[in-house]
Amino acid sequence: MLSKAGTRLMQGNEACAEGAIAAGLRFFAGYPITPSTEIAEELALLLPKVGGKFIQMEDEIASISAIIGASLAGAKSMTATSGPGFSLKQEGIGFASYTEVPCVIVNVQRVGPSTGVPTAPAQGDVMQARWGTHGDHPIIVLCPSSVAETFTLIIEAFNISERWRIPVIFLMDEVVAHMREKVVVPDVSQIKLVERPRPQVAPDQYLPYAAGEDLVPPMADFGSGYRYHVTGLTHDQTGFPTTKAPEVGALARRLDAKMKRAAPHVTFVDELLVDDAEVAIFAYGVTARAAAKAVRDARAQGLKAGLIKAKTLWPFPSEHVRRVAERARAIVVPEMNMGQLVLEVERASAGRAKVAGLSRVDAEPITPDEILARLREV
Amino acid sequence: MRKEVRLSGSGGQGLILAGIILAEAVIHDGHEVVQTQSYGPEARGGASRAEVIIADEAIDYPKVGTPDVVLVMSQEACNKYARQVKPGGMVVVDETNVKTVPDVEEARVVRLPITDIARHEAGRQVTANMVALGALVGIAGLATPEAAERAVRERVPKGTEDLNLKAFRLGMKRAREALGAT
């Protein structure tokens, strides 16, 4: 059922699908894979009801390619997958990033590499989400830790992707995807939606990759009379290939500058009791919930603990980490991987605080007690 | 207040649906809730498990540690989970399927022929999950009967509401009688 405003029990994957539609999603192409399958199932039911299109493609590469095409034609587009499929989509993600095509790629993380444990949670794709495709490229990665947050954060994912013409990776984990929780669904007409910038000039004056002051070029819908060329080759302002050094360099530098311009607007972090924290935790996804419990338990035992919960993983929220590192003795980074963002936390704290990882890679989520024990050690 | 509930048995007994309905009842009652379940091959034919956490405030860690209430609807589930109950908690046993209950110290064990009640009194064996849900609501104080009945009505397939509510009410009544007798 498409959500009416009100309070409901919802599964994480269901909240992802319904939040996406509330954000304006009208085209989904995908190849179902555990633990993301319910997203495709839900959208196959819901999209036709809002005049949208659902296509089950022949594979993951076709899926990412299809959503890029649909986005070029003006539709808000999304695909959903898990680790093995995410690997396959990397080429298309690079294309979308370089050609500045807004789109949302959901990756519900499971144990990997390769086929791994399809039904069990992990957080092993954090670095792949940032650097999975080749070349310097702008990308934004968001990560929810509850079902309710999945609903609201996927709406941000679409808004950000449209506003900045940067692909957004929506990095979930199996626990958040499969559990059911209370969601207060807002009145859809009250949700703030963002549209990509569209050209204000006549078709014959349109330069598809000429950006104004905000570094985001206006984007015309294919089929609307604006004829232009899109290529994964390095391109000039007309969209046609170029190998001229000044133009090649200018594109790379504009994309980098655009990402930096966007960063403060796309960085979402929740802080819990960090102001007087002697020891802090940096956590994301379902692990952040065990961390929140560990903070409360530590405080009850007289240890002043705090939590930086990152909802944006990339661009990495360095400034938040740096501020906390100035006061805290140590920062613990629990992750369901062998240590990925712990290295970023180390970089951002730059020796101000001791940084200690906590890895769990046995297909089970990290418990509050494990984090509490680590807080006592550091 | 934080109450952890584990519903366990075999695949096909409808325990995940019972967990979802219980969670929806908790929302109708105005509390916070998280429902999780076991995935994978064990969900098909083998052991099946649904878990529900009920609380007054936001639930941080969403996994069940030591459950306050355990429902066991198969011998295998009973062997695995009955003894994990919290001291002072409650184990509800479907004695149609469970012949031996391990020693559970410091917790109350309530035996009820859940599957037989579904088959012979409600009229359909598939309603055993609703009999079990009624039992849990009746004696474990997890949700109000009104909220649970509303949740049953809203979730079960159209046309089966009366059958499922009958099973639910039978479970509630028989569990209360059984609790009185222990």
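The values are calculated or read from the model by the stated rules, or taken from the named source; none is laboratory data. Since this is a predicted model, take the numbers as computed values, not measurements. When we count neighbours, we look across all protein chains shown, and the Cβ atoms used for this are built from the backbone with ideal geometry, even at glycine. Remember, those area values only see protein heavy atoms, side chains included, never the ligands or the DNA or RNA. Shrake-Rupley method; radii C 1.70, N 1.55, O 1.52, S 1.80 Å.
Observations, loosely collected:
- The residues of segment A:203-266 have, on average, 58 Å² of accessible surface per residue, using a 1.4 Å probe with all protein chains present.
- Shielding score for B:31-38, defined as the mean number of other chain Cβ atoms within 10 Å: 4
- Peptides A:68-78, B:123-133, A:171-181 ranked from most to least packed give A:171-181, B:123-133, A:68-78, packing being the mean of other C-beta atoms within 10 angstrom over each peptide's residues.
- Scanning chain B for DSSP H helices at least 18 Å long along the axis (C-alpha atoms) with a Kyte-Doolittle mean no lower than -1.0 picks out B:15-28, B:161-181.
- Chain A: angle of helix A:37-46 to the longest principal axis, Cα-based, in degrees nearest 10: 50 degrees
- Additional length obtainable on full extension of the chain from B:Arg108 to B:Glu161, 0.36 nm per residue less Cα span: 15.9 nm
- Using a Förster distance of 41 Å, the FRET efficiency for A:Lys4-A:Val269 (Cβ separation, nearest 0.05): 0.85
- Only Cα pairs under 8 Å and 6+ residues apart enter the sum, and on that basis the relative contact order of segment A:299-378 stands at 29 percent.
- When peptides B:62-68, A:148-154, A:188-194 are ranked by their average number of other Cβ atoms within 10 Å per residue, the highest-first order is A:148-154, B:62-68, A:188-194.
- Buried area at the A-B interface (accessible, heavy atoms, 1.4 Å probe, summed, Å²): 1600 Å²
- Among the listed pairs B:Lys3/B:Lys63; A:Lys309/B:Lys3; A:Lys311/B:Lys63; A:Lys53/B:Lys158; A:Lys4/A:Lys49, those with a Cα-Cα distance over 19 Å are A:Lys309/B:Lys3; A:Lys311/B:Lys63; A:Lys53/B:Lys158.
- Environment charge of B:Arg153, counting only residues whose C-beta is closer than 13 Å and scoring Lys/Arg +1, Asp/Glu -1: -1
- Shown are A:Ile33, A:Ile308, whose ranking by accessible area with a 1.4 Å probe and every protein chain present, most to least, is A:Ile33, A:Ile308.
- Percentage relative contact order, segment A:21-127, counting C-alpha pairs under 8 Å, at least six apart: 28 percent
- Rounded, prolate or oblate (a/c below 1.5 giving rounded, otherwise prolate when a/b exceeds b/c) for segment A:203-266 by Cα gyration tensor: oblate
- The DSSP beta bridges internal to segment B:4-141 are antiparallel in roughly 50% of cases.
- With respect to chain A, whose longest principal axis is taken over its alpha-carbon atoms, helix A:147-164 is tilted by about 40°.
- Sulfur and carbon atoms: percent of accessible area, chain A [1.4 Å]: 54 percent
- Cβ-based net charge around B:Lys173, under 14 Å, with every Lys or Arg adding one and every Asp or Glu removing one: +1
- Whether chain B is rounded, prolate or oblate, judged on the alpha carbon gyration tensor where a/c under 1.5 counts as rounded: rounded
- The residues packed around B:Ile114, meaning those with a beta-carbon under 9 Å from its beta-carbon, carry a net charge of -2 if Lys and Arg are +1 and Asp and Glu are -1.
- Taking every residue in A:179-190 and counting other chain Cβ atoms within 10 Å of its Cβ, the average works out to 4.
- Each peptide in A:267-277, A:335-345 was scored by the mean count of other Cβ atoms within 10 Å over its residues; highest first, the order is A:335-345, A:267-277.
- Peptide B:61-72 - average C-beta neighbours from other chains (10 Å radius): 3
- Full extension of the chain segment joining A:Glu370 with A:Phe240 gains 41.3 nm, where the gain is 0.36 nm per residue of separation less the Cα-Cα distance.
- Using C-alpha pairs below 8 Å separated by at least 6 residues, the relative contact order for chain A is 16 percent.
- Considering only the protein assembly as shown, percent of DSSP beta bridges that pair antiparallel, nearest 5: 40 percent
- Helix A:60-72 and the long axis of chain A differ in direction by around 60°, with both axes built from C-alpha atoms.
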